[in-house]
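Undergrad: One structure follows; several queries about it will come next.
The values are calculated or read from the model by the stated rules, or taken from the named source; none is laboratory data. Only a predicted model underlies this, so the values are computations on that prediction, with no experimental measurement involved. Neighbour counts are summed over all protein chains in view; Cβ atoms, including those assigned to glycine, are modelled from backbone coordinates with ideal geometry.
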């Protein structure tokens, strides 16, 4: 079980008894209030009908789950690949490694592109975070974190800072400076604090806010400048391994995936879970929104990638083959959403036709697990990072 | 894990789960045929600007090798 003793560290006056206490969010008729723990417990048992025992609530939950499945099944009139039959098949793809970035001393765990479509930040098990120029393969910056297993890293939208974290349970922001005399580590700012490892982080539309996911089972939104917790997202029953923000046109939501096999879509403002999907058979390692924002893909240890449509509220495609038995660690879409690139633990990268459900290409090159994969912001290339200590840029 | 006594927090958790499920069951859904058609439409519209599908010439792709140039 995950460590769910992480409560919102907000102190203030309780909305019910007005005493100055540690507050937690409660929902009353889908409105969010802040109650102290005493009032929250009272509210939980308030208005309890005579027969409303734990058992009756559990059975109501089960019947609601069944009803949810029924509602979803009613709209399942056709499969995506059937609708996609009228679309032209894709031609042959020639994708090769165009650049190999060498320099990490141990497994590469995470990477992210800068919006300038050129720079890449990557983090590794040995605690090093490196910023590369992918055109020249030169290293521009390097930071040594105080912890090993830096599992998450992200580039700020402005290109002026990077965020990273891992076993230190924190997310730290480093402003990037080209001044040779300045020590990057000196300007480090600790932004997020979790009670377990940091598994993923991402800046929102600006350099001012960061969204984090953690092994403590929660996601959280932080203000970078003050380090204040703005919103926390509780609902996963185990470690959260990945998250992705919706493309900006579609509003304030994000999707997260975890060891509880669930992918959950959250409203960033209210902290509520809007939709949840539980069809994977093992940990979800990676989630990525479809470019239109109406769907998202997930990669899991059950060796499949799946596409979930948010408006149909169900899984609409599975990308799998009997010959693929190793988990998918990382997924990303091409610019149009027609191709899904997925990195696997069997050292390969499979390219899937999203609409038809078939595999288009298989890429070899890495000498160990592919742990991270991202398409560049202009879609001209994608970069993969691996446990073989290298990153490769493919085009 | 659950003892004979049901604590307030167990019931609280169960109630939250039931409320969450009620909310999820009540959202508006679209038929898969419509949702799939929209995904298709987005794909075909964006396909022209997808470098992996259209293939941009080696000269403009910063990662691909340019043709060797002669030194005059």
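Undergrad: Evaluate region B:12-20: report whether one residue or more is assigned to a helix (DSSP H, G or I), more than 7 Å from chain A (Cβ to nearest Cβ), at pLDDT below 85 and out of contact with any strand residue (DSSP E or B) (no Cβ under 9 Å at 6 or more places or on another chain).
TA: Yes, there is a match, as at least one residue in region B:12-20 is assigned to a helix (DSSP H, G or I), more than 7 Å from chain A (Cβ to nearest Cβ), at pLDDT below 85 and out of contact with any strand residue (DSSP E or B) (no Cβ under 9 Å at 6 or more places or on another chain).
Undergrad: Taking region A:111-138 only, how many residues are part of a loop (DSSP other than H, G, I, E, B), crowded, with 22+ Cβ neighbours inside 10 Å and more than 22 Å from the chain's Cα centre (by Cα)?
TA: Residues in region A:111-138 being part of a loop (DSSP other than H, G, I, E, B), crowded, with 22+ Cβ neighbours inside 10 Å and more than 22 Å from the chain's Cα centre (by Cα): 1 in total.
Undergrad: Could you please find all residues in region A:303-318 being under 18 Å from residue A:373 (Cβ atoms) and either free of Cβ contacts under 8 Å to residues at least 24 places away in the same chain or surrounded by fewer than 23 Cβ atoms within 10 Å (Cβ to Cβ) (or both)?
TA: Scanning region A:303-318 gives A:303, A:304.
Undergrad: When residue A:390 is evaluated against the numbered criteria (1) in contact with a strand residue (DSSP E or B) (Cβ under 8 Å, 6 or more places away or on another chain); (2) over 25 Å from residue A:116 (Cα atoms); (3) more than 14 Å from chain B (Cβ to nearest Cβ), which criterion, by number, is the only one it fails?
TA: Of everything listed in (1) in contact with a strand residue (DSSP E or B) (Cβ under 8 Å, 6 or more places away or on another chain); (2) over 25 Å from residue A:116 (Cα atoms); (3) more than 14 Å from chain B (Cβ to nearest Cβ), residue A:390 misses just condition (2).
Undergrad: Moving on. Any chance you could count how many residues in region A:249-278 are surrounded by 17 or more Cβ atoms within 10 Å (Cβ to Cβ) and away from chain B (no Cβ under 14 Å)?
TA: The qualifying residues number 8.
Undergrad: Same structure, new question: With respect to residue A:216, determine if the residue is out of contact with any strand residue (DSSP E or B) (no Cβ under 6 Å at 6 or more places or on another chain) and crowded, with 21+ Cβ neighbours inside 10 Å.
TA: So residue A:216 passes the test.
Quick grid of which residues meet (1) in contact with a helix residue (DSSP H, G or I) (Cβ under 7 Å, 6 or more places away or on another chain); (2) part of a loop (DSSP other than H, G, I, E, B); (3) within 20 Å of residue A:248 (Cα to Cα); (4) in contact (Cβ under 8 Å) with a residue 60 or more places away in the chain:
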| residue | (1), (2), (3), (4) |
| --- | --- |
| A:324 | no, yes, no, no |
| A:332 | no, no, yes, no |
| A:346 | no, yes, no, no |
| A:355 | yes, yes, no, yes |
| A:371 | no, no, no, yes |
| A:383 | no, no, no, yes |
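Undergrad: Would you mind telling me which numbered condition in (1) surrounded by fewer than 24 Cβ atoms within 10 Å (Cβ to Cβ); (2) at pLDDT 95 or above; (3) within 14 Å of another protein chain (Cβ to nearest Cβ) residue A:379 fails?
TA: Condition not satisfied by residue A:379: (2).
Undergrad: Let me ask something additional. Could you please find all residues in region A:283-308 being more than 8 Å from chain B (Cβ to nearest Cβ), assigned to a loop (DSSP other than H, G, I, E, B) and modelled with pLDDT of 95 or more?
TA: A:283, A:301, A:302, A:303, A:304, listed by residue number.
Undergrad: Restricting attention to region A:73-96, and to residues there that are more than 7 Å from every other protein chain (Cβ to nearest Cβ) and part of a helix (DSSP H, G or I), which single residue is farthest from the chain's Cα centre (by Cα)?
TA: Restricting to residues being more than 7 Å from every other protein chain (Cβ to nearest Cβ) and part of a helix (DSSP H, G or I), the top hit is A:86.
Undergrad: Among the numbered conditions (1) away from chain B (no Cβ under 14 Å); (2) crowded, with 18+ Cβ neighbours inside 10 Å; (3) over 15 Å from residue A:269 (Cα atoms), tell me where residue A:211 comes up short.
TA: (3)
Undergrad: Also, quick follow-up: All but one of (1) in contact with a helix residue (DSSP H, G or I) (Cβ under 8 Å, 6 or more places away or on another chain); (2) part of a helix (DSSP H, G or I) hold for residue A:186; which doesn't?
TA: Status for residue A:186: all satisfied but (1).
Undergrad: Which members of region B:32-67 meet the condition of being assigned to a loop (DSSP other than H, G, I, E, B) and either within 30 Å of residue A:27 (Cα to Cα) or more than 7 Å from chain A (Cβ to nearest Cβ) (or both)?
TA: Scanning region B:32-67 gives B:48, B:55, B:57, B:58, B:59, B:60, B:65, B:66, B:67.
Undergrad: Might you check whether a residue that is surrounded by 17 or more Cβ atoms within 10 Å (Cβ to Cβ), touching a residue at least 24 places away in the same chain (Cβ under 8 Å) and in the same structural domain as residue A:178 (by the TED database) occurs anywhere in region A:76-83?
TA: no
Undergrad: Now, a different point. Kindly establish whether residue A:311 is within 12 Å of another protein chain (Cβ to nearest Cβ), at pLDDT below 95 and either outside any loop (DSSP other than H, G, I, E, B) or farther than 29 Å from residue B:65 by Cα (or both).
TA: Here the answer is yes, as residue A:311 does meet what is asked.
Undergrad: Considering region A:272-282 alone, what residues qualify as being assigned to a loop (DSSP other than H, G, I, E, B) and either within 14 Å of residue A:252 (Cα to Cα) or touching a strand residue (DSSP E or B) at 6+ places or on another chain (Cβ under 6 Å) (or both)?
TA: A:272, A:279, A:280, A:282 - these are the residues of region A:272-282 that are assigned to a loop (DSSP other than H, G, I, E, B) and either within 14 Å of residue A:252 (Cα to Cα) or touching a strand residue (DSSP E or B) at 6+ places or on another chain (Cβ under 6 Å) (or both).
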